[in-house]
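Chemist: Can you keep this structure in mind? I'll have questions shortly.
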Amino acid sequence: MSGYFSGILAILCINLIFAYGIFIPAAAGQINLGGAGFQAIGAYGAGWLSSVALMPVWLAIPAATVIAGLIGFLISFPVLRTRGVYMVLATFAFGEVVAGFLLRTDFFGGAIGLVVPAHIELPVLVCSALGVTVLAFYLIATRVGLVMRAINDDEAATVLMGVNVRAVQVLAFTIGGAFAGFSGALYAHNFSFVEAQYFNSFLSIYVLLFVLIGGVQTAWGPLVGTLFFTLLPEFMRVGGSWRYVVFGAAIVLMMMLRPQGIVTRSMIDRLSLRRWAPRRSAAGAGHGR
Amino acid sequence: MTAASILSRSRTALQTPAFAGTLVAAVLVAVVALGGHVMAKQIVSGLLLGSIYMTVAVAFTLTIGVLNFLNFTIPTLFMLTGMVAWGLLSGGYVKFAGGFSWLAALAAGVAVAVVASLIVERFTFRYLKMKHGDATEHAIPLVSSLGFLLIFEHLVLITLGSEAQRFAVPFKADVHVAGLILGVPQLASCALAVAVVAFLSFVLKSTRTGRALRTIAENPDTATLLGVEVDKVVPIVFILTGLLAGVAGALFTINYGDVSPFMGNNVGSKAIAAMVLGGVGSIWGAIAGGLLIGVIETLSIYLFGGDSVQMVVWGLLLAIIIVRPRGLFGTAAIGRGKM
């Protein structure tokens, strides 16, 4: 396998895990524009634990994942008090604070960055990405996933059904933070170097775009969105800056023609040959095709 | 008079421009009183920077207040003005105006920003009628504007290059007031920023268009029922947005003499911070917030060094969103999802 191809595959795996970290809250109706903050926590946490605290890699990565999840849990309470545009702003501010903190703190290397000598190989990344994908699919298929979908469709009605909406939202935000942190921990150990400038607002924007363009109705959305937007620029490498223009135009057109994302629930139903299953049109009537 | 009415009256009093101005002035006086001359210098440069943040913040707050739309193209419009003006001037396209060709170039830059903003309107609102009813639906125009951010920024990179450029403004003059040196361009731009914002608040308050805008902000469906032609009024928001962002970009170019394809990013995020600090949807809040953020930025550079700005500003912002999401002057109604 050529170095170029394995490099793309590594980025693809990391982006995919990151995208699921944004998808899980988004499936419950929460837009997280501070994803880079959680990824940075995971990257710096794991990097510091393995390079300075000399923790073995197999322990440092889960530990950093737990830390990111814990911070996601704590930050979810104030963030969930806000909604709509305010939630976008609050999470955006969170990402900026984390990046600013890491840039300024000499403890984590400051602007110089943090060198992580321990290295993990590509098979580990691929297995992790597969694991997270399966986990996300499983989560969406459970009762919790059903409630998350219900909250996304109509929060007030979900409350009326006697569901503890707040608990599910906190759970979704926590899992999302942990996934994003996990992707950061893998990033740090695959690239052997982390710097705060990498985790900027554009990273948060891109990963949110992967998820929203892919579609938040099913767990297929982030998979399709990440594959599409990670691989498409590689195939268009000749285009230079033009590919970003095409990328932007694709986003604008997508929002005009199919704002619910590439993959929708009814599309999965049609593709999955379950013709005998009762149609979901009663529940999905308001959601287009 | 009942306690409740006193409370509600005091709450409305808190939202008046007089209170906003008093608060800002009080903070500044306190800092100057504590810090003396050196502080006064920092504050003046903070206010000059703040007048640019203020103009951009007003653009943000206008689109959120009326359309509930966080318009991420605003920083790009800001950048477009500066870069287009530089491109015109360095390409030698504006020769007719003699010594004032830089002014003509900047005016052309503002015009380009307004046109670009109208293009954004077409694709984020005019042709965007599909609804799917999810909780993430409010993000559709936002995602579109992120797409436009990529398009505009990379078109500029392709046509004008990625280097930071020098934009020379020929006139230079200083005024000395109480031992402080103030540049005339800076003062003029500060005055222009105030004039643009005052014009905007006049439009919103006293004209038929302004009334239509405020009706849409209240409720777009009711506005339609009352005979407001929403499709004709919404473009006005975008024209004003382009104008505000463009003027701010032109002022920034005059004041600091540098343009680059990335000049909008920093100003844009500071302006978002200013808007939230002042209260989303409130024009006077954006004004106070912009000036305060400008002062906070120069003071935190002066006191803690350049790296601290991002953390101080955004930490403050996060705290405000958590403790008081309405900001200093905002109303609770904004951000509920309207259009």
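The values are calculated or read from the model by the stated rules, or taken from the named source; none is laboratory data. Model, not experiment: these values are computed from the prediction. Cβ coordinates were reconstructed from backbone atoms using ideal geometry, including for glycine residues, and neighbour counts include every protein chain displayed.
Chemist: Can you confirm whether A:LEU70 is over 21 Å from A:VAL115 (Cβ atoms) and hydrophobic (A, V, I, L, M, F, W, C)? It would help to see each step written out before you state the result.
Modeler: Details: over 21 Å from A:VAL115 (Cβ atoms): yes; hydrophobic (A, V, I, L, M, F, W, C): yes.
Considered against the rule, which asks whether it is over 21 Å from A:VAL115 (Cβ atoms) and hydrophobic (A, V, I, L, M, F, W, C), A:LEU70 comes out as yes.
Chemist: Then there is this: Considering every residue within segment B:258-271, establish whether at least one is assigned to a strand (DSSP E or B) and not hydroxyl-bearing (Ser, Thr, Tyr).
Modeler: yes
Rundown of residues vs (1) modelled with pLDDT of 85 or more; (2) closer than 20 Å to B:VAL110 by Cβ, yes/no style:
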{"position": "B:ARG208", "(1), (2)": "yes, no"}
{"position": "B:ASN219", "(1), (2)": "no, no"}
{"position": "B:ASP231", "(1), (2)": "no, no"}
{"position": "B:VAL234", "(1), (2)": "yes, no"}
{"position": "B:ALA248", "(1), (2)": "yes, yes"}
{"position": "B:PRO261", "(1), (2)": "yes, yes"}
{"position": "B:GLY278", "(1), (2)": "no, no"}
{"position": "B:SER282", "(1), (2)": "no, no"}
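Chemist: Out of the residues in segment A:98-131 meeting the condition of being buried (at least 23 other Cβ atoms within 10 Å of the Cβ) and out of contact with any strand residue (DSSP E or B) (no Cβ under 7 Å at 6 or more places or on another chain), tell me which one is nearest to the other protein chains (Cβ to nearest Cβ). Lay out the reasoning, then the answer.
Modeler: Just the residues of segment A:98-131 that are buried (at least 23 other Cβ atoms within 10 Å of the Cβ), to begin with: A:98-99, A:102, A:116, A:125, A:129.
Narrowing the set further to residues that are out of contact with any strand residue (DSSP E or B) (no Cβ under 7 Å at 6 or more places or on another chain) leaves A:98-99, A:102, A:125, A:129.
On the way: A:VAL98: 9, A:ALA99: 7, A:LEU102: 10, A:LEU125: 27, A:ALA129: 24 Å.
Here the answer is A:ALA99.
Residues are listed down the side, and each one gets a yes or a no for (1) buried (at least 16 other Cβ atoms within 10 Å of the Cβ); (2) of a type in the set (Lys, Arg); (3) in a helix (DSSP H, G or I):
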{"residue": "B:LEU200", "(1), (2), (3)": "yes, no, yes"}
{"residue": "B:ALA217", "(1), (2), (3)": "yes, no, yes"}
{"residue": "B:VAL228", "(1), (2), (3)": "yes, no, no"}
{"residue": "B:LYS232", "(1), (2), (3)": "no, yes, yes"}
{"residue": "B:LEU243", "(1), (2), (3)": "yes, no, yes"}
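Chemist: Run down A:LEU12, A:LEU16, A:LEU33, A:LEU74 and say which single residue is part of a loop (DSSP other than H, G, I, E, B) and within 30 Å of B:PHE72 (Cα to Cα).
Modeler: A:LEU33
To keep it simple, each residue is scored yes or no on (1) surrounded by fewer than 19 Cβ atoms within 10 Å (Cβ to Cβ); (2) within 14 Å of chain A (Cβ to nearest Cβ).
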| residue | (1), (2) |
| --- | --- |
| B:GLY249 | no, no |
| B:THR253 | no, no |
| B:ASP258 | yes, no |
| B:GLY268 | no, yes |
| B:ILE283 | no, no |
| B:GLN310 | no, yes |
| B:PRO325 | no, yes |
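Chemist: Would you mind telling me which numbered condition in (1) within 14 Å of chain B (Cβ to nearest Cβ); (2) at pLDDT 90 or above A:PHE179 fails?
Modeler: A:PHE179 satisfies all of (1) within 14 Å of chain B (Cβ to nearest Cβ); (2) at pLDDT 90 or above except (1).
Chemist: Going by what's in this entry, would A:ILE67 be described as more than 14 Å from every other protein chain (Cβ to nearest Cβ), crowded, with 22+ Cβ neighbours inside 10 Å and in a helix (DSSP H, G or I)?
Modeler: In short, no.
Chemist: Next up: Yes or no: A:THR82 buried (at least 24 other Cβ atoms within 10 Å of the Cβ) and of a type outside the set (A, V, I, L, M)?
Modeler: When the stated conditions are applied, A:THR82 does not pass them.
Chemist: Separate question: Here is a list of conditions, (1) crowded, with 19+ Cβ neighbours inside 10 Å; (2) within 14 Å of chain B (Cβ to nearest Cβ), and A:ALA157 meets all of them except one; can you say which number that is?
Modeler: (1)
Chemist: Let me ask you something else. Any residue in segment B:140-159 that's more than 7 Å from chain A (Cβ to nearest Cβ): show its pairings with residues that are among the small types (Gly, Ala, Ser) at Cβ separation under 7 Å, as long as the two are six or more apart or on different chains.
Modeler: From segment B:140-159, the pairs are B:PHE152/B:ALA116.
Chemist: Here is a list: A:LEU209, A:LEU227. Which entry is over 25 Å from B:VAL120 (Cα atoms) and surrounded by fewer than 24 Cβ atoms within 10 Å (Cβ to Cβ)? Break it down stepwise before answering.
Modeler: Details: A:LEU209 fails: over 25 Å from B:VAL120 (Cα atoms).
Sole residue among the options that is over 25 Å from B:VAL120 (Cα atoms) and surrounded by fewer than 24 Cβ atoms within 10 Å (Cβ to Cβ): A:LEU227.
Chemist: Just one of (1) modelled with pLDDT under 90; (2) over 26 Å from A:SER204 (Cα atoms) trips up B:VAL110, so point out which.
Modeler: Of the numbered conditions (1) modelled with pLDDT under 90; (2) over 26 Å from A:SER204 (Cα atoms), the odd one out for B:VAL110 is (1).
Chemist: Just one of (1) modelled with pLDDT under 85; (2) part of a helix (DSSP H, G or I); (3) not hydrophobic (A, V, I, L, M, F, W, C) trips up A:HIS119, so point out which.
Modeler: (2)
Chemist: So A:PHE73 fits all but one of (1) surrounded by 24 or more Cβ atoms within 10 Å (Cβ to Cβ); (2) more than 9 Å from every other protein chain (Cβ to nearest Cβ); what number is the exception?
Modeler: (1)
Chemist: Without any contact (Cβ under 8 Å) to a residue 12 or more places away in the chain, in a helix (DSSP H, G or I), in contact with a His (Cβ under 9 Å, 6 or more places away or on another chain) and crowded, with 17+ Cβ neighbours inside 10 Å - does that describe any residue in segment A:181-190?
Modeler: Initial filter on segment A:181-190 (without any contact (Cβ under 8 Å) to a residue 12 or more places away in the chain): none.
No - not one qualifying residue is present in segment A:181-190.
Chemist: Between B:THR124, B:THR55, B:THR81, which is modelled with pLDDT under 85 and surrounded by 24 or more Cβ atoms within 10 Å (Cβ to Cβ)?
Modeler: Matching residue, one of B:THR124, B:THR55, B:THR81: B:THR124.
Chemist: Here are the criteria: (1) of a type in the set (A, V, I, L, M, F, W, C); (2) within 14 Å of another protein chain (Cβ to nearest Cβ); (3) closer than 24 Å to A:ILE140 by Cβ; (4) surrounded by 24 or more Cβ atoms within 10 Å (Cβ to Cβ). Tell me which single one A:ALA93 does not satisfy.
Modeler: (3)
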